Amino acid sequence: SSIRARALSIASKNTVNIAEIPNSRVCQTLDDALVFAEDVLVAIQDPDLLQRDVNESCRNGHRARSVESAGQMMEERGVKLFLETLCPGATPEDITHLCSLLSREKYHLGDIIWEQGSASNNLKLLVCGSLISSLDDENGATETIYPGSTIGELGLINGTERLTTVKVLSDEAVLYNLSREKWETLIHENPRLAREIDMLVVRYLTHRIQHVSNHILDKRSLPV
């Protein structure tokens, strides 16, 4: 008979809803063998204790999955909120469609997203964490990128090479990627929505030109 059956006989119990523990088992590792031996001893001493342990493990697993699911839902909601801000002319249906075109990516501190001069084949939306964009020249200018920002939009639309090197500045960073293939599909299937991305590039370029102009004016106004 199985060890579980003998344990039930010793404890004078009726039923325990756990899988039967066989009389012998070949384990792959020493850790597996120790776990098996522990389960056998527990089952002989108190079968209900083993069942309660199984039930608690199931509950903990369910709670962990629930927390993970809630976190994923919050992140997806954050993506939609960022897209609504970046694409003010888009409808809720447009935002949902854009989300369906994005693929989630996760990076860690020091990871290189891309290097200056590399091919531009995607646009990325930063959802969590921070990045640093650096210009590989004698000046070594840098810019920190925060959640809610997109990177690579100009290269994706115009096909230009990457203008800077982008690295992960935080411990972790989550980005949502729009590939060139998805972008070209969007252009053909929904040009009106693709126009929202075009306008995003125009706004970014306008902002950068204004920033540079202000910087030049500030320099000119400095006393000699």
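The values are calculated or read from the model by the stated rules, or taken from the named source; none is laboratory data. The structure displayed is predicted, hence computed values, not measured ones. So basically every Cβ, Gly included, is an ideal-geometry build from the backbone, and we count neighbours across all protein chains shown. We work out accessible area using only protein heavy atoms, side chains counted, and drop any ligands, DNA or RNA first. Shrake-Rupley method; radii C 1.70, N 1.55, O 1.52, S 1.80 Å.
One line per residue, one yes/no per condition, for (1) over 17 Å from Leu205 (Cβ atoms); (2) surrounded by fewer than 19 Cβ atoms within 10 Å (Cβ to Cβ):
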| site | (1), (2) |
| --- | --- |
| Ser103 | yes, yes |
| Leu109 | yes, yes |
| Ser118 | yes, yes |
| Lys124 | yes, no |
| Thr144 | yes, yes |
| Gly155 | no, no |
| Tyr176 | yes, no |
| Glu184 | yes, yes |
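Check whether at least one residue in region 101-116 is free of Cβ contacts under 8 Å to residues at least 24 places away in the same chain, part of a loop (DSSP other than H, G, I, E, B) and in contact with a Ser or Thr (Cβ under 7 Å, 6 or more places away or on another chain), and report yes or no. Walk me through it before giving the result.
Step one: list which residues in region 101-116 are free of Cβ contacts under 8 Å to residues at least 24 places away in the same chain, which gives none.
Looking through region 101-116, none of the residues is free of Cβ contacts under 8 Å to residues at least 24 places away in the same chain, part of a loop (DSSP other than H, G, I, E, B) and in contact with a Ser or Thr (Cβ under 7 Å, 6 or more places away or on another chain).
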message = Conditions first: (1) at pLDDT below 95; (2) more than 14 Å from the chain's Cα centre (by Cα); (3) surrounded by fewer than 17 Cβ atoms within 10 Å (Cβ to Cβ); (4) over 18 Å from Leu193 (Cβ atoms). Ile151 passes all but one, so which condition is the exception?
response = (3)
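Could you please let me know if Leu135 is farther than 19 Å from Cys87 by Cα and open to solvent by 50 Å² or more (accessible area, probe 1.4 Å)? Full working, then the answer.
Numbers: farther than 19 Å from Cys87 by Cα: yes; open to solvent by 50 Å² or more (accessible area, probe 1.4 Å): yes.
Against the criterion (farther than 19 Å from Cys87 by Cα and open to solvent by 50 Å² or more (accessible area, probe 1.4 Å)), Leu135 qualifies.
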message = I'd like the full set of residues that are touching a residue at least 24 places away in the same chain (Cβ under 8 Å) and in a loop (DSSP other than H, G, I, E, B), limited to region 138-166.
response = Pro147, Gly148, Ser149, Gly152, Gly159, Thr160, Glu161, Arg162, Leu163, Thr164
